[in-house]
1. Across the chain, what fraction of all alpha-carbon pairs, as a whole percent, falls in each successive 5 Å bin from zero upward?
2. With everything on Cα atoms, drop me the angle between helix 2-26 and the longest principal axis of the chain, reported from 0 to 90° to the nearest 10.
3. Counting pairs of alpha carbon atoms under 8 Å apart in space and at least six apart in sequence, what relative contact order in percent does the stretch 141-207 give?
4. From the helices alone, meaning DSSP H stretches of at least four residues, give me the mean residue ellipticity at 222 nm for the chain, per-run term -39500 (n - 2.57), in deg cm²/dmol to the nearest 500.
5. To the nearest Å, what is the center-to-center distance of the stretch 148-221 and the stretch 91-136, using C-alpha atoms only?
6. Let me check against my output: what whole-number percent is the relative contact order of the chain, with C-alpha pairs under 8 Å and at least 6 apart?
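What follows draws every value from the coordinates through simple rules; no lab data is involved. Source: prediction; values computed, not measured.
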């Protein structure tokens, strides 16, 4: 019976250690998770977001989109030509995960992109959820691990130079996603395992537009729940 008691003790200890490890690894630092549901913290003492750009037009279908087209997170994330808020009034969106269901809604322009800060420890797994709001759309997922001189592209620099003046990132395409969902439940869960252990930077970029509409706040691409 003594050996059974010892075995039980070892099993309990193993379970405790496993649970502690799972809890530690499931908690990501601020710069590695972007949920978009903290828009209200814009005016906090240490603002989480800074928003630049006009408000959406006054139509009822766009009333749930929030002000600003360029957004800067204090951790280094940048959203360009995107609306925060929700696009539920304009078409389909990523299924509700929290009460607000806010997301990054990429506008109907090739300028729309989401760019991460430089991850000094590298990138393990990339995860996010995406859906076309109205019609079929495409986005590419890109990774930068080097910089080059804007004057001489053959002159390479590390990802953390003292100054980025005159330098540009070298973007490598990881995947192109074709988003053609017909309902909310057909959203795309994108997962990419890299385990790259050097400084790197992520970008999600729109590569097509709806030429049948001149409105920027239409035919949106909805991106949510980014984890890196």
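1. Histogram of Cα-Cα distances, whole percents per bin: 1, 6, 12, 16, 17, 15, 11, 7, 5, 3, 2, 2, 1, 1, 0, 0.
2. So the helix axis and the longest Cα principal axis differ by about 20 degrees.
3. After rounding, I find 45 percent.
4. -4000 deg cm²/dmol
5. First find each Cα centre; the distance between them is then 11 Å.
6. Reported relative contact order: 25 percent.
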